[in-house]
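Undergrad: Right, I'll just put the structure down here and ask away after.
The values are calculated or read from the model by the stated rules, or taken from the named source; none is laboratory data. These numbers come from a predicted model, not from an experiment. Methodologically, a virtual Cβ is constructed for each residue, glycine included, from the backbone with ideal geometry; neighbour enumeration extends over all protein chains shown.
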């Protein structure tokens, strides 16, 4: 279990020279990095349930590359290092060599190549080249979840300080900053925005809308991506208009103590994932909300849906819904109508990986869109087989690799978008929206990225008194 003693420690500056993204140099571990990597790996295996999964993966040793054709990165580059199972085995081989009896004995008898700084840096680079979209997992004949391996590797690397600076800064502001959200927007500014949006809706739709704050005992506490208040305000306006139009204005609230649904812990650290979710849970409990309602954002929805029960008391935890589920239920109940003559342009829909890969939310938005968009077209493949936007796994926040995101990971998506000839690209996810806008700009496509509720806002039929 001994790392390479001759490897030597790398300075943060040397680390930075080897990585394509910026790191927070004050957080980089400056001691024996291979020893620290193994120490962290051992602690995670001891105090979590990762061991059973990784041990199983280490026994099957799948390197058949069946996953390669499903990976849009490999489809573009054709490079062996971009085959998902190659990337996964960088970590699985470390486990096999250092944490299994057979590996330890073989190492003593035959000798083995020790863990080195170079191998750790290769992992730090390649695991952030992966978008963790999990499309490859659908093709693995042995059921290896390469996205899970990517997440575990990033978790270990994060304890060495090898995390893109953009993720670190956002999470630090969310957990320890004065604003408590990833965009560092003070609540008074958000309150002013809420008031302004309500006035805009009343002026445009002649509907007096309430966007309630700190109301207790409501059916839902609402956590959108904080960017919806500023960058994607049309999405928030559509949501508020819909909720008020169906008569549920007294059934939801936003909390002033915490309101950001973004959870970058999902991308690289279970410890941070839990801390961020605890803020959501605490705010829901403070206002005695019956359920948690997440905005359109895919990763915000998945992190809450998949892990609130884990960190929030199991069966006692509040149920979690994505706003699309709420809107679809109201749609099926006939609680609102959409004018089919408003959206005449060609419309297509992008499936966020965090909503569609497991088949969670696939048909609902399509049924709504087809009901009022006369010229709706599909991309192929779609649904659970969708192509990632190219900025998944948090990579969209790393501006240093924009050229990689739009020139490599997003190329197949850009080709798919161009083939539709659509004017409106509906993408219900804050991260997907940012990536797709940059993709459209860099590939010179004539498309506009919108949320589902942006179009609902345009087409909703409001009762006049």
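Undergrad: Looking at region 321-360, which of its residues are surrounded by 21 or more Cβ atoms within 10 Å (Cβ to Cβ), closer than 24 Å to residue 391 by Cα and touching a strand residue (DSSP E or B) at 6+ places or on another chain (Cβ under 9 Å)?
TA: Those that are surrounded by 21 or more Cβ atoms within 10 Å (Cβ to Cβ), closer than 24 Å to residue 391 by Cα and touching a strand residue (DSSP E or B) at 6+ places or on another chain (Cβ under 9 Å): 322, 323, 347, 348, 349, 350, 355.
Undergrad: Within region 267-289, work out how many residues are outside any helix (DSSP H, G or I) and either in contact with a helix residue (DSSP H, G or I) (Cβ under 6 Å, 6 or more places away or on another chain) or within 25 Å of residue 358 (Cβ to Cβ) (or both). Before the answer, list the steps.
TA: Step one: filter region 267-289 for residues outside any helix (DSSP H, G or I), giving 269, 287-289.
Those left that are additionally either in contact with a helix residue (DSSP H, G or I) (Cβ under 6 Å, 6 or more places away or on another chain) or within 25 Å of residue 358 (Cβ to Cβ) (or both): 269.
Of the residues in that region, 1 qualify.
Undergrad: If I ask for residues that are in a strand (DSSP E or B) and in contact (Cβ under 8 Å) with a residue 40 or more places away in the chain, which ones from region 410-465 would you list?
TA: So in region 410-465, the residues in a strand (DSSP E or B) come out as 424-426, 448-450, 460-461.
Hits for region 410-465 are 424, 425, 426, 450, 460, 461.
Undergrad: Then there is this: Quick one: how many residues across region 108-117 are part of a helix (DSSP H, G or I) and loosely packed, with under 13 Cβ neighbours inside 10 Å?
TA: So the first thing to find is which residues in region 108-117 are part of a helix (DSSP H, G or I), and the list is 108-110, 117.
Cutting the leftovers down to loosely packed, with under 13 Cβ neighbours inside 10 Å gives us 108-110.
Counting residues in region 108-117 that are part of a helix (DSSP H, G or I) and loosely packed, with under 13 Cβ neighbours inside 10 Å gives 3.
Undergrad: Let me ask something else about it. Among the residues of region 164-182, write down those that are within 16 Å of the chain's Cα centre (by Cα), in a loop (DSSP other than H, G, I, E, B) and over 13 Å from residue 259 (Cα atoms).
TA: Listed by number, the list is empty, since nothing qualifies.
Undergrad: At pLDDT 95 or above and surrounded by fewer than 15 Cβ atoms within 10 Å (Cβ to Cβ) - does that describe any residue in region 219-231?
TA: Yes, region 219-231 contains at least one residue that is at pLDDT 95 or above and surrounded by fewer than 15 Cβ atoms within 10 Å (Cβ to Cβ).
Each row is one residue, and each column tells you yes or no for (1) modelled with pLDDT under 95; (2) in the same structural domain as residue 225 (by TED's automatic domain parsing); (3) surrounded by fewer than 17 Cβ atoms within 10 Å (Cβ to Cβ).
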{"site": "100", "(1), (2), (3)": "yes, no, yes"}
{"site": "129", "(1), (2), (3)": "yes, no, no"}
{"site": "140", "(1), (2), (3)": "yes, no, no"}
{"site": "149", "(1), (2), (3)": "no, no, no"}
{"site": "172", "(1), (2), (3)": "no, no, yes"}
{"site": "191", "(1), (2), (3)": "no, yes, yes"}
{"site": "197", "(1), (2), (3)": "no, yes, no"}
{"site": "202", "(1), (2), (3)": "no, yes, yes"}
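Undergrad: Here's a follow-up. Tell me whether region 254-266 contains one or more residues that are over 28 Å from residue 366 (Cα atoms), in a helix (DSSP H, G or I) and not assigned by TED's automatic domain parsing to the domain that holds residue 361.
TA: yes
Undergrad: Separate question: Quick check on residue 92: is it part of a helix (DSSP H, G or I), surrounded by 20 or more Cβ atoms within 10 Å (Cβ to Cβ), touching a residue at least 60 places away in the same chain (Cβ under 8 Å) and not assigned by TED's automatic domain parsing to the domain that holds residue 384? Steps first, please.
TA: On the way: part of a helix (DSSP H, G or I): yes; surrounded by 20 or more Cβ atoms within 10 Å (Cβ to Cβ): yes; touching a residue at least 60 places away in the same chain (Cβ under 8 Å): no; not assigned by TED's automatic domain parsing to the domain that holds residue 384: yes.
So residue 92 fails the test.
Undergrad: A further question follows. Residue 334 fails exactly one of the following numbered conditions: (1) assigned to a loop (DSSP other than H, G, I, E, B); (2) touching a residue at least 12 places away in the same chain (Cβ under 8 Å). What is the number of that condition?
TA: Every listed condition holds for residue 334 apart from (2).
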